[in-house]
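Have a look at the structure below before the remarks.
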Amino acid sequence: MKARRTGLLPATAFGAAIMLLGVGVIIGGHLHEHGWNPAALLDDLYANLGSELVGMAIIILLVDRFAARRENQRLRRQLVREMASTDRGLTNRAVLELEVQGWLHDGTLADAQLSGADLAGARLERAVMPGAACAGADLTGTNLSGARLTGANLTDATLDRANLEMADLSKANLQQARLTNADAALADLNAASLIGADLTRTDLTGANLDRADLRGADLTDCRLARTRLSAIRWDASTRWPSGFTPPPSDDAQEET
């Protein structure tokens, strides 16, 4: 069977038709004004063609820029989706491409949905990820040094041996997270929720845990030299390093 004709010209044919129409209008206008005068016709064509070429160039540049922007947006969304994968090879490739494009540091990952992602061993140093949803994510051995994870949801996440040095985890939710043997020296955990978190042997040297909630947290063998612990909350189930005397719980201070 023969394909039905839609009656619509392809874009290239339509463009060619418009071009021929334009040339016809120029020639018709010239003949109406001057009669047949080849020299004057060329003068008219030069002037009109020059202005048309400039206009076309501007349109092409604008269309190209718009198309590139849309492609960038599409690629960003695709890479963030791939980063949320449980396939470590796919997530590592996505992280690498985000780094190459400079999108790890420009806010592309703000509020990213990465729950359950396998990001073990990924290089996310100085990544900007405020509000990211990383509940249950595997971040074992991940380099998050200097990363911005303000208000991130890391509930039940695994951060064993992760590098969190100088990371901003203020107001982050780390309930039931595992951070054994992690390096969180100089990290900002101000007002973070660490309820039930496993911080065994974590280095918290110089870290800021002011107003952190440590109820039920395990800080056995943690390094707490110069760690800020003002107005923290803890209870009888909180485990501290041997010989360490914690400041009064914020709840106890309120009661008095």
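Note that the range 145-256 presents 45 Å² accessible area per residue, ligands and nucleic acids not counted, probe 1.4 Å. Residues whose amide H lies under 5 Å from that of Thr108, counting only those 5 or more places away or on a different chain, are absent; hydrogens are built 1.01 Å from N in the peptide plane. Measure out, as a whole number of angstrom, how far apart the alpha-carbon centroids of the range 122-152 and the range 198-245 sit. Computed from Cα coordinates, the inter-centre distance equals 21 Å. Once the convex hull of all Cα atoms in the range 171-223 is built, its volume per residue stands at 54 Å³. Roughly speaking, to the nearest percent, how much of the range 188-256's 1.4 Å accessible area is carbon and sulfur? The C+S portion of the solvent-accessible surface of the range 188-256 is 45 percent.
The values are calculated or read from the model by the stated rules, or taken from the named source; none is laboratory data. This structure is a prediction, so every number in the text was calculated from the model and none was measured. To get the accessible areas, we keep the full protein, side chains included, count just its heavy atoms, and leave off ligands, DNA and RNA. Shrake-Rupley method; radii C 1.70, N 1.55, O 1.52, S 1.80 Å.
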